[in-house]
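Chemist: Sharing a structure, written as structure tokens. Questions coming.
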Amino acid sequence: MTSSRPEVRVTEVGTRDGFQAEREFIPTAVKAEVIDALIAAGLTHIEATSFVSPKAVPQLADAAEVIALLRRRADAHLAALAPNARGAERALAAGVDEIVVFVSASESHNRANLNAPIAQSLANVGEVNEVVAGRAPIRGAVACAFGCPFEGEVAVDAVLRIVDTYANLGFRTLTLGDTTGMATPPTVARLVRAIGERFPSIATALHFHNTRGIGLANVVIGLELGIREFESSIAGLGGCPFAPGATGNVCTEDLVYLLEESGYDTGVDLAALIGVAKRVEALIGRPLPGQVMKAGPRLRKYTLDDARRAVG
Ligand code: ZN
């Protein structure tokens, strides 16, 4: 596609970050259909699943099968989380394009989420790197980068220490995760600037949750600071099963709407994406937080009869 508008990458994480929080098992074929529909709508980067222990997250026990079932596999760059060397082997065997490792910037959250101190998780990341041995790029993610539900404020230095390990391992891409929706415009500005100064060659993506309603405001700050990749989940699915009160990610179709209306090119077909969001809402069986999927595009027109019915 040729366009004079600046490109912004929207990475879909709903089938990983969103589905992992769902108690009722979503059939494997349905997971694959959702990913295929997202790719068909124009999303080229998908964090599809997580190769965690099936005991820890039964919902994602079918990670390899989901990837094997995809029809539009060749049209997208597929990433998957791998919390340890065994997970990384399974992810590589399944043929993912990128491995994502993560460590929490908060000691308490890391223990709650990964059942290990940060130092041990960083050692695990080193093991994953050895197992992968250059067969796929590795993205380093930092959970709770903007605050921790157990400890409160997270120091910029705590994030920098983790990114430093990632940089020393040669990782080129980073995700700063706002796991429980504690980021604010000033905290985003402070951390993005600190990372940019210290690690200018690392490409940073921002992953916000809309827990307190300012996920897209944080995106706008990220854009102003030059960030060109954001992670989001279809219909606003998501949360963190280990963080109390954590609600959904920034919603993909709302994010695409914001970006396109602000003059950026996402390559995504918003109408098709809204269709996928509605299907996902029906699949999950409860109202999901996405707003553009309810209101439609900005220039959607109503008839006067619609208006009369509405006041009726
Ligand atoms: Zn998340």
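Chemist: Considering (1) away from the ligand (no atom under 12 Å from the Cβ); (2) out of contact with any Leu (no Cβ under 8 Å at 6 or more places or on another chain); (3) at pLDDT 95 or above, say which one SER233 fails and leave the rest.
Modeler: Checking SER233 against (1) away from the ligand (no atom under 12 Å from the Cβ); (2) out of contact with any Leu (no Cβ under 8 Å at 6 or more places or on another chain); (3) at pLDDT 95 or above, the one that fails is (1).
Chemist: What are the residues in region 214-230 that are within 16 Å of the ligand (Cβ to nearest atom) and not acidic (Asp, Glu), if any? Break it down into steps so the answer makes sense when it comes.
Modeler: Keep residues of region 214-230 that are within 16 Å of the ligand (Cβ to nearest atom), which gives 214-216, 218-219, 222, 229-230.
Once the filter is applied, which keeps residues that are within 16 Å of the ligand (Cβ to nearest atom) and not acidic (Asp, Glu), region 214-230 yields ILE214, GLY215, LEU216, ASN218, VAL219, GLY222, PHE230.
Chemist: For region 292-311, what are the residues that are surrounded by 10 or more Cβ atoms within 10 Å (Cβ to Cβ), outside any loop (DSSP other than H, G, I, E, B) and without any contact (Cβ under 8 Å) to a residue 40 or more places away in the chain?
Modeler: Taking region 292-311 as the starting set, the residues that turn out to be surrounded by 10 or more Cβ atoms within 10 Å (Cβ to Cβ) are 292-298, 302, 307, 309.
Those left that are additionally outside any loop (DSSP other than H, G, I, E, B): 292-295, 307, 309.
Result: LYS294, ALA295, ALA307, ARG309.
Chemist: Enumerate the pairs (first residue in region 185-213 and charged (D, E, K, R); second residue anywhere and loosely packed, with under 15 Cβ neighbours inside 10 Å and modelled with pLDDT of 95 or more) with beta-carbon separation below 9 Å, excluding pairs fewer than 6 apart on the same chain, so at least 6 apart or on different chains.
Modeler: Between residues of region 185-213 that are charged (D, E, K, R) and residues that are loosely packed, with under 15 Cβ neighbours inside 10 Å and modelled with pLDDT of 95 or more, the close pairs are ARG198/ASP164.
Chemist: Cβ-Cβ distance below 8 Å, separation of 6 or more or different chains: which pairs start in region 13-25 with a residue that is modelled with pLDDT under 90 and end on one that is near the ligand (Cβ under 9 Å from one of its atoms)?
Modeler: What qualifies is ALA21/GLY238; ALA21/GLY239; ALA21/CYS240.
Chemist: When you go through LEU270, LEU288 one by one, which is the residue that is over 16 Å from the mean Cα position of the chain (by Cα) and either aromatic (Phe, Trp, Tyr) or over 19 Å from ARG300 (Cβ atoms) (or both)? So that I can check it myself, show each step before the final result.
Modeler: Working: LEU270 fails: either aromatic (Phe, Trp, Tyr) or over 19 Å from ARG300 (Cβ atoms) (or both).
None of the others qualify; the one that does is LEU288.
Chemist: Pick from LEU60, LEU69: which is of a type in the set (A, V, I, L, M) and in contact with a strand residue (DSSP E or B) (Cβ under 8 Å, 6 or more places away or on another chain)?
Modeler: Details: LEU69 fails: in contact with a strand residue (DSSP E or B) (Cβ under 8 Å, 6 or more places away or on another chain).
The match here is LEU60.
Chemist: To continue, here is another question. Quick check on region 18-32: of everything there that is under 14 Å from ILE284 (Cβ atoms) and not hydrophobic (A, V, I, L, M, F, W, C), which residue is nearest to the chain's Cα centre (by Cα)?
Modeler: At the first step, the residues of region 18-32 found to be under 14 Å from ILE284 (Cβ atoms) are 18-27, 30-31.
Now drop any that are not not hydrophobic (A, V, I, L, M, F, W, C), which leaves 18, 20, 22-24, 27, 31.
Working: GLY18: 9, GLN20: 12, GLU22: 16, ARG23: 19, GLU24: 21, PRO27: 21, LYS31: 16 Å.
That would be GLY18.
Chemist: Hey, another quick one. Sort out which residues of region 248-268 are in contact with a helix residue (DSSP H, G or I) (Cβ under 9 Å, 6 or more places away or on another chain), under 14 Å from THR11 (Cα atoms) and part of a loop (DSSP other than H, G, I, E, B), and write them in order of number. Let's see the steps before the verdict.
Modeler: Let us first name the residues in region 248-268 that are in contact with a helix residue (DSSP H, G or I) (Cβ under 9 Å, 6 or more places away or on another chain), namely 248-260, 262, 264-266, 268.
Cutting the leftovers down to under 14 Å from THR11 (Cα atoms) gives us 249-256, 259, 265-266, 268.
Matches in region 248-268: VAL250, THR266, VAL268.
Chemist: Among the listed residues THR266, THR173, THR247, THR252, which satisfies the condition of being closer than 19 Å to GLN20 by Cα, polar (S, T, N, Q) and more than 11 Å from the ligand (Cβ to nearest atom)?
Modeler: Values: THR266 fails: closer than 19 Å to GLN20 by Cα; THR173 fails: closer than 19 Å to GLN20 by Cα; THR247 fails: more than 11 Å from the ligand (Cβ to nearest atom).
After ruling out the rest, the residue left standing is THR252.
Chemist: Within region 12-47, how many residues turn out to be of a type in the set (Gly, Ala, Ser) and within 20 Å of ARG228 (Cα to Cα)? Walk me through it before giving the result.
Modeler: At the first step, the residues of region 12-47 found to be of a type in the set (Gly, Ala, Ser) are 14, 18, 21, 29, 32, 37, 40-42.
Filter once more, so that each one left must be within 20 Å of ARG228 (Cα to Cα): 14, 41-42.
The total comes to 3.
Chemist: Only residues that are surrounded by fewer than 23 Cβ atoms within 10 Å (Cβ to Cβ) and at pLDDT 95 or above: list them for region 206-216, please.
Modeler: ILE214, LEU216
Chemist: Provide a single number: the residues in region 176-203 that are within 14 Å of ARG228 (Cα to Cα), of a type in the set (A, V, I, L, M) and away from the ligand (no atom under 16 Å from the Cβ).
Modeler: Count: 3.
Chemist: Continuing with the same structure: Return yes or no: is LEU206 within 16 Å of the ligand (Cβ to nearest atom) and under 16 Å from VAL156 (Cβ atoms)? Before you say what the answer is, go through the steps one by one.
Modeler: Details: within 16 Å of the ligand (Cβ to nearest atom): yes; under 16 Å from VAL156 (Cβ atoms): yes.
Considered against the rule, which asks whether it is within 16 Å of the ligand (Cβ to nearest atom) and under 16 Å from VAL156 (Cβ atoms), LEU206 comes out as yes.
Chemist: While we're on this one: Quick check on my filter: what residues within region 147-166 are under 22 Å from GLY215 (Cα atoms) and not in a loop (DSSP other than H, G, I, E, B)?
Modeler: Residues of region 147-166 under 22 Å from GLY215 (Cα atoms): 147-156, 159.
Listed by number, the residues that qualify are CYS148, GLY152, VAL156, VAL159.
Chemist: Would a scan of region 170-184 turn up a residue that is more than 26 Å from SER233 (Cβ to Cβ) and either surrounded by fewer than 17 Cβ atoms within 10 Å (Cβ to Cβ) or at pLDDT 95 or above (or both)? Break it down stepwise before answering.
Modeler: Initial filter on region 170-184 (more than 26 Å from SER233 (Cβ to Cβ)): 170.
Those left that are additionally either surrounded by fewer than 17 Cβ atoms within 10 Å (Cβ to Cβ) or at pLDDT 95 or above (or both): 170.
Yes.
The values are calculated or read from the model by the stated rules, or taken from the named source; none is laboratory data. Keep in mind that what you see is a predicted model, and the values were worked out from it rather than measured. Quick reminder, even Gly has a Cβ in these numbers, built from the backbone with ideal geometry, and neighbours come from all protein chains shown.
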